[in-house]
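Derivation of every value follows stated rules applied to the coordinates shown; laboratory data play no part. Note that the structure is a prediction, hence the values are computed from the model and not measured. Neighbour counts run over all protein chains shown; Cβ positions are idealised from the backbone, glycine included.
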């Protein structure tokens, strides 16, 4: 056998600010239920900005079904959806207008202010996003944005962005497909 | 002798099997084929194999395990250094834990049976690999195991596999080449899962949910439902579901005359039989013997050695991740297709436990995980998912754990189940020897990943290890009645008509999964049981 195991220093030092900056906690004492149509529209508008490829009616339906299902099933999530809708409706330079009534550039500006984008590997960006946004925006990002992104990327459309036509839960037309390299995904699909 | 609690209206069966899982199903079927009458008690329900795709759909939608049982029935407590998440890893129901297993079916290494003789560690098994080898072949045939005879580390075998092995995945290539450079040979992986249509079982269609979601929607892998159904088809086997065995009752001669069980309808029903086969897994089997304490057996039935419930073992899982420059196209099959048994037996086993190394085909983040973890959205997120997905590779080490008498299943002194019976209390932890095996497994995993050109090496588990879900030990098999619970024929030293089957009887754990050995021992026991009827 090789040398004695030692965890790399980098790994040992992977103490994140998450330890001293507590993440928001889902309040599971709030009731489940169904969002209103207006709330669904706002969340759909949010999703369309988060995931431009969900602009199709089919994708919108998928997101609608997901939100209705989650809100009815997961205690605490309906309240977070509603809080996120209120946040979107009351934030940004055109806050006198409901989020869905704002022009696209204003919606985008609102999102950039609430959820400053950063890549997963960008630790400074992540720290900045955690430290310099309001608690409400952080909760919306952690619960609602993450939920909507997750719903899309575990769907058929989401897996298609990495070139997959079958994925966990969907059988393969050719069971030996897993033994072959896939073609790169054209950028316009992703 | 305790007084009979209730009378049975059912005729006395030849054999009563407690537990309708892998071992219980095989024993019931084998005895029924010999013309014996068998009653099987199963604590859980009967799930319908024909609707498994619906269970998967619901699981994918809600994330809730379809196998979880009622809290009252499955309550347990922990008292050890490391809490053991028992209910994550057991299923009560017809089929038992094979309802949610990965169907990985290696034989143990021949040296696993002789750890004391070869390395001065723990104890030897009272049976050798040579004695068990024919039953391994029978077990592979019964379960329908696919595999290739290409493992240079495996002990000899006298039979082939029922089907060819699953070929390697795209992702296996880099790690296999790295292993070869390091002098480790990789090989195919035996599974009780079909590569071709086999005895009415569908070939695998790569739904990719067998390990991650613990359901095959088309039943392409073996479950013990198969042998329970075949046993029932003989007309000599009755399966009673929702029947929780509560205690054994003895006759004046010291033999078990009946088992008392509870259901949702009655707290006390009875099955009388000539022989009782305990096949309720390592935790509940030990618990039932402890619950059967009487004036004659004050420390529990079969416990004159004091070893009932002791030597609880598991296979700790040690994982290391790395990142390659290009995608390995993971998540297209639900199980690993290449591994190495290079360290399943090694010269330093007196100091460091054995371990096997496997290359999961579902390592690292899925697109969903990348999206959730990233702070990007819009086109930036799409690009990040596309560029990041599929580059993480992983090496999993599964290590041997030595039997430690301090790792136990006992009766909780205060917590009871719905019938008022004490629930099992688990005391489990890792010894220095066990941790040395884990460190060695991770060291070798890092070497493989670095040889494959991976960077960003990381360790996904907060405490470095996770669980495999293999509860082993608690009713040790041995020749010495003072140092074991059952003999080499799996008959209890103290009770001549009590047989224990399952991983509970393993004296040591090996680094390899227990199921095929459970099956081989069960088939072997079924040949002996008629001699004690």
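Sorted largest first, the spans of the alpha carbon positions of segment B:188-264 along the three principal axes are 55, 29, 29 Å. Working from Cα pairs under 8 Å separated by at least six residues, relative contact order for segment B:300-427 is 36 percent.
Computed over segment B:34-155, the P(r) tail beyond 16 angstrom holds 77 percent of alpha carbon pairs. Considering only alpha-carbon pairs that sit under 8 angstrom and 6 or more positions apart, the relative contact order computed for chain B is 23 percent. Here's the picture: a label point sits 7 Å out from the Cα of residue A:68 along the beta-carbon direction, and within segment A:131-162 the residues with their amide nitrogen under 18 Å of it are A:148, A:151-152. For chain B, the fraction of C-alpha pairs more than 43 angstrom apart is 15%.
A Förster distance of 60 Å, applied to the separation of the beta-carbon atoms of residue A:134 and residue B:263, puts the FRET efficiency at 0.60. The slack in the chain from residue A:160 to residue A:121, taken as 0.36 nm per residue of separation less the alpha-carbon distance, amounts to 11.7 nm. Give me the log10 of I(q) over I(0) for segment A:35-173 at q = 0.18 Å⁻¹, as the Debye formula computes it from C-alpha points; what are the numbers? Listed by q, the Debye log ratios stand at -1.09. Distance from the alpha carbon centroid of segment A:115-141 to that of segment B:387-457 works out to 34 angstrom. Here the simple spin-label model places points 7 Å from the Cα toward Cβ, and for residue B:88 and residue B:12 these points are separated by 4.7 nm. Treating r as the C-beta distance of residue B:455 and residue B:128 and R0 as 41 Å, the FRET efficiency rounds to 0.35. When the alpha carbon gyration tensor of segment B:309-407 is reduced to an equivalent ellipsoid, the three semi-axes, largest first, read 36, 16, 10 Å. Taking the C-alpha atoms only, the angle from helix B:432-451 to the longest principal axis of chain B is near 30 degrees.
Pairwise Cα distances in segment B:474-533 exceed 16 Å in 40 percent of cases. Computed from the C-beta positions of residue B:81 and residue B:182, the FRET efficiency with R₀ = 51 Å rounds to 0.90. Using only Cα coordinates, the Kirkwood hydrodynamic radius of segment B:423-500 works out to 16.4 Å.
Normalised by residue count, segment B:138-218 yields a Cα convex hull volume of 109 Å³ per residue.
Short to long, the 5 Å bins of the Cα pair-distance histogram for segment B:402-533 hold 2, 8, 13, 15, 15, 14, 12, 8, 5, 4, 2, 1, 0 percent of all pairs. Panel order for B:315, A:66, by other beta carbons found within 10 Å of each beta carbon, from fewest to most: A:66, B:315. Give the separation of the Cα centroids, segment B:306-335 to segment B:88-160, in Å. Between the Cα centres of segment B:306-335 and segment B:88-160 lies a distance of 18 Å. On a 0 to 90 degree scale, rounded to 10, what angle separates helix B:22-33 from the longest Cα axis of chain B? The helix B:22-33 is inclined about 50 degrees to chain B. For chain B, the 222 nm mean residue ellipticity estimated from helices alone, with every DSSP H stretch of n ≥ 4 adding -39500 (n - 2.57) and the total spread over all residues, rounds to -7000 deg cm²/dmol.
Helix B:129-143 and the long axis of chain B differ in direction by around 80°, with both axes built from C-alpha atoms. Our summary gives segment B:14-107 a relative contact order of 35 percent, counting only alpha carbon pairs under 8 angstrom and 6 or more residues apart. Give the Kirkwood hydrodynamic radius (Å, one decimal) of the protein assembly as shown, defined as one over the mean of 1/r across all pairs of different Cα atoms. Kirkwood radius, the protein assembly as shown: 27.4 Å.
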